[in-house]
Amino acid sequence: MTVESDARYARQRRLPEFGDAGQARLAASRVLIVGVGGLGSPAAQYLAAAGVGTIGLVDDDVVDVSNLHRQPLYGTADVGRAKVDAAASRLAVVNPLVRIVRHETRLTRENAHALIADYHIVLDGTDTFSARYAINDACVALGVPFVYGSVARFEGQVSVFATADGPCYRCLFPEPPAPGSVPTCAEEGVLGVLPGLIGVWQATEVLKWCAGLGAPLSGRLVLFDALGARTQEIRLARRAGCAGCGMSHSVSHPASLSQSVSHGMSQPMSHPMSQSMSHPMSQFMSHPTEAEPAASGPDVLAPETVAAWRAAGTPMQLVDVREPWEHRTAAIAGSRLVPFGTLSEQLDTLDRTVPLVVYCHRGTRSRVAVDWLREQGFAQAASLRGGIDAWSVVVDATIPRY
Ligand SMILES: [Zn+2]
C-alpha cells in the first residue's frame with residue numbers, strides 16, 4: 001500500500017472489521033455498474049472513493065439537463081456528453097487510483113453475459129425491465145450476484161439477488177410487466193434525493209460483499225417510503241420452479257447455452273468469506289496470470305502450452321469469444337472472432353476433430369464457453385488460462401492490455 005492510499009483510506013482501514021485486508025479486497029474487486037444515472041452515479045462516487053479496484057460503467061446515454069437534479073456526478077457543463085465519459089472524468093478526480101472501464105452501450109439480453117462475465121458483482125442502476133431481466137438471467141447463469149435498486153416518486157426498494165443460495169429477481173417477479181403498464185420515472189416523477197439514498201444503499205451492499213463484511217441483503221427486500229420516513233422489510237425465498245434460478249432453467253441467452261451455464265455448471269462467484277479462487281481476494285493474492293480458478297486438465301491450457309503448440313505448427317482452431325470491440329483492441333494473430341452470444345449459431349462452422357482453443361479477456365467467458373462446447377461434442381475444446389491478458393504478459397508483450 002502506498003503512502004497516498006495509506007492516508008486516503010485511513011478512516012475505513014481503522015475499522016477492525018475492515019482493516020488492511022478489507023482494503024486489499026476492495027482493491028482486487030471488479031464491480032460493474034449498469035446505468036450511470038440516478039442510482040448508478042451516486043453509487044459510483046462512493047465505490048470509487050472507497051477504493052474499489054476496477055469499476056465498469058455501462059450506459060449509452062448522454063447527460064441531459066433534466067438529469068442534473070438527481071445525478072450530481074454530472075455538472076451543467078457535461079450536458080450533451082456521453083455519461084460514461086463524463087462519469088469517468090469525474091471519478092478520476094474523485095480517486096485516480098481506481099481503474100474505470102467504459103462500456104458505452106446499452107445492456108441487452110445479447111451482450112449481458114459478455115459484459116458481466118469479467119466482474120465480481122453487478123450494481124443494477126437500470127430503469128428498464130428488459131435490462132433488469134437481462135441482468136438477472138445473466139447473473140444467475142454466471143453465478144454473479146447483483147444489487148438491485150429502484151425508485152419511483154417518493155419510494156425506493158433495495159435487495160441483493162442471485163447469490164449462491166438466495167433468490168433471484170424472477171423469484172419475486174417471474175415475468176416482466178406488459179410494456180407501458182408501469183409508469184417510468186420520467187412519466188411519474190421522482191424526488192431527486194431518492195435515487196441518491198437508494199444508490200448509496202446499493203453501494204453499501206457492494207462494499208460489504210467485496211470486503212466480506214456483515215450480512216448481505218439477500219432474501220430480503222427493503223422498501224423505503226420517504227414521505228412517511230419508514231422502512232419495511234419483506235422476506236423473500238427462492239421459489240421452486242423459478243424460470244430464472246430454478247432447475248428448469250429456461251431463460252438465459254442464448255437459449256441453447258442456458259442449459260449448460262445454469263447452476264453448478266458455471267463457476268459460481270462465492271461469497272468473499274469462502275476460499276474460492278474466484279474471489280477478488282484470491283486474485284489479489286495470486287499472480288495476475290493465475291487469477292482464474294487454478295483448474296488443471298485438458299479443458300484449460302496455460303499460455304506457454306498454447307504458444308509451444310503454435311511454434312510447433314500443431315493444428316488448432318483459435319477462437320476469440322469476446323466482443324468485436326475487444327477483438328479490435330487486442331487479438332492473438334490467427335484467431336477467429338466468435339462472440340460468446342453467437343457461439344450457438346456459429347457452431348457448425350467449427351471443427352470437432354481439431355483442437356479448439358478458446359480465449360477471452362481473462363479466462364472466465366472462455367471457460368463457460370468450453371464447458372458448453374464439450375457438451376456439444378467438442379471433446380478437444382480448451383480454455384486459454386488467464387485469457388489474452390495472460391497471453392500478453394507471458395507470451396507476447398506487443399499485445400496491448402486493457
Ligand atoms: Zn429465481
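The values are calculated or read from the model by the stated rules, or taken from the named source; none is laboratory data. Not measured: the values here are computed from a predicted model. Please note: Cβ atoms are built from the backbone with ideal geometry, for glycine as well, and neighbour counts cover all protein chains shown.
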Inset, instruction - Go through the residues of segment 229-252 one by one and say whether even a single one is part of a helix (DSSP H, G or I), modelled with pLDDT of 85 or more, more than 16 Å from the ligand (Cβ to nearest atom) and more than 30 Å from Gly377 (Cβ to Cβ). - result: no
Legend entry - Of all residues making up segment 123-140, the number that are within 16 Å of the ligand (Cβ to nearest atom) and buried (at least 20 other Cβ atoms within 10 Å of the Cβ): 10
Inset, instruction - Only residues that are out of contact with any Lys or Arg (no Cβ under 6 Å at 6 or more places or on another chain), of a type in the set (Gly, Ala, Ser) and buried (at least 20 other Cβ atoms within 10 Å of the Cβ): list them for segment 362-385, please. - result: Ser366, Ala369, Ala382
Inset, instruction - Answer with yes or no whether Asp61 is surrounded by fewer than 22 Cβ atoms within 10 Å (Cβ to Cβ) and within 30 Å of Leu227 (Cα to Cα). - result: no
Inset, instruction - Determine if segment 319-336 includes at least one residue that is touching a Gly at 6+ places or on another chain (Cβ under 8 Å) and modelled with pLDDT under 85. - result: no
Legend entry - Top-ranked residue in segment 343-361 [being touching a residue at least 60 places away in the same chain (Cβ under 8 Å) and surrounded by fewer than 24 Cβ atoms within 10 Å (Cβ to Cβ); ranked as farthest from the chain's Cα centre (by Cα)]: Glu345
Inset, instruction - May I ask you to verify whether Leu172 is away from the ligand (no atom under 16 Å from the Cβ) and of a type in the set (A, V, I, L, M)? - result: no
Legend entry - Output for segment 21-77, where each listed residue is in a loop (DSSP other than H, G, I, E, B) and either of a type in the set (Lys, Arg) or out of contact with any helix residue (DSSP H, G or I) (no Cβ under 9 Å at 6 or more places or on another chain) (or both): Asp64, His69, Arg70
